[in-house]
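Participant: Following this message is one structure expressed as structure tokens.
The values are calculated or read from the model by the stated rules, or taken from the named source; none is laboratory data. Everything numeric here is computed off the predicted structure, so don't read it as measured data. Glycine also receives a Cβ, built like all others from the backbone with ideal geometry; neighbour counts cover every protein chain displayed. All accessible areas refer to the heavy atoms of the entire protein, side chains included, with ligands and DNA or RNA removed. Shrake-Rupley method; radii C 1.70, N 1.55, O 1.52, S 1.80 Å.
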Amino acid sequence: MTNRLAVFDCDGTLVDSQHSICAAMVRAFESEKLAAPDRAAILSVIGLSLPLAMARLLPDAEVGYHDHLSESYKLAFQQLRRENAVSEPLYPGIAALIRELDADGWLLGVATGKSDRGLRLCLAHHGIHAHFVTLQTADRHPSKPHPSMLLAAMAEAGATPESTVMIGDTSFDIDMALSAGTRALGVGWGYHTPQELIGAGAHGVAMDSEELRGHIHASLMRSL
């Protein structure tokens, strides 16, 4: 029997981390004496690897400077952690959905622009780390929408594109899934609009965790 695999994005899909990400981004830009981007611009690049996100926020800077600014962001986020100022609450119903899918025999994974450390801390804080069999981060892969993270997740889980569904809140997640040949589901509570997700080719967009549950099960039935 082919393993059923559900791979989730993290920021904007499992957890609402926008306030901490925006705060760290503002600190990073201010530390470099730069005008900070507005919240809408920051939200638009969540999900990309940091250097690529910085390139979109500061397109006229040299490539090496994007790497430097990425390090400034990491330091700013670490400082927020030391101040106990990081807020990454789970979206409503997500913990129950994760437990239910696991109990129902689904293998679960995460593909995220977070670092390995950041993802581990986030999942451990919410007590859901043990439910995931594969964790793919920007530390070891090209940025979304490159399919590398999703391809590695399927290889680790012993799943095929036909038995895998990717769930995310951005067009980057949808593009990654389609590039990897998997089903692509969007969530309407994250950082890109449902219209953007549908425009990118999402096979469905859920507006709450209960609707997402139905989409996940139905997507596999349509794929097989």
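Participant: Which residue out of ALA28, ALA55 is open to solvent by less than 10 Å² (accessible area, probe 1.4 Å), part of a helix (DSSP H, G or I) and not assigned by the TED database to the domain that holds MET166?
Facilitator: ALA28
Participant: Next question. Does segment 126-134 include one or more residues that are within 15 Å of CYS10 (Cα to Cα), in a loop (DSSP other than H, G, I, E, B) and hydroxyl-bearing (Ser, Thr, Tyr)?
Facilitator: No, segment 126-134 contains no residue that is within 15 Å of CYS10 (Cα to Cα), in a loop (DSSP other than H, G, I, E, B) and hydroxyl-bearing (Ser, Thr, Tyr).
Participant: Could you run through segment 31-48 and say how many residues are outside any helix (DSSP H, G or I), open to solvent by less than 40 Å² (accessible area, probe 1.4 Å) and either farther than 18 Å from GLY168 by Cα or touching a His at 6+ places or on another chain (Cβ under 8 Å) (or both)?
Facilitator: 1
Participant: Another question, if that's okay. Is at least one residue of segment 61-69 within 22 Å of ILE42 (Cβ to Cβ) and in contact with a Gly (Cβ under 9 Å, 6 or more places away or on another chain)?
Facilitator: The answer is no, given that none of the residues of segment 61-69 is within 22 Å of ILE42 (Cβ to Cβ) and in contact with a Gly (Cβ under 9 Å, 6 or more places away or on another chain).
Participant: What residue, of ALA130, ALA159, ALA153, ALA138, is surrounded by fewer than 21 Cβ atoms within 10 Å (Cβ to Cβ), of a type outside the set (S, T, N, Q) and either more than 13 Å from the chain's Cα centre (by Cα) or within 19 Å of SER20 (Cα to Cα) (or both)?
Facilitator: ALA130
Participant: Could you tell me which numbered condition PRO92 fails, if it satisfies all but one of (1) within 17 Å of the chain's Cα centre (by Cα); (2) surrounded by fewer than 19 Cβ atoms within 10 Å (Cβ to Cβ); (3) part of a helix (DSSP H, G or I)?
Facilitator: Unmet condition: (3).
Participant: Report the residue count in segment 208-224 for those that are free of Cβ contacts under 8 Å to residues at least 40 places away in the same chain and within 17 Å of the chain's Cα centre (by Cα).
Facilitator: Counting residues in segment 208-224 that are free of Cβ contacts under 8 Å to residues at least 40 places away in the same chain and within 17 Å of the chain's Cα centre (by Cα) gives 0.
Participant: Kindly indicate the residue of segment 1-23 that is among the hydroxyl-bearing types (Ser, Thr, Tyr) and part of a loop (DSSP other than H, G, I, E, B) and also surrounded by the most Cβ atoms within 10 Å (Cβ to Cβ) among those meeting that condition.
Facilitator: The extreme case among them is THR13.
Participant: Please give the number of the condition SER87 fails out of (1) outside any helix (DSSP H, G or I); (2) touching a residue at least 12 places away in the same chain (Cβ under 8 Å); (3) within 25 Å of PRO145 (Cα to Cα).
Facilitator: Result: SER87 fails condition (3) only.
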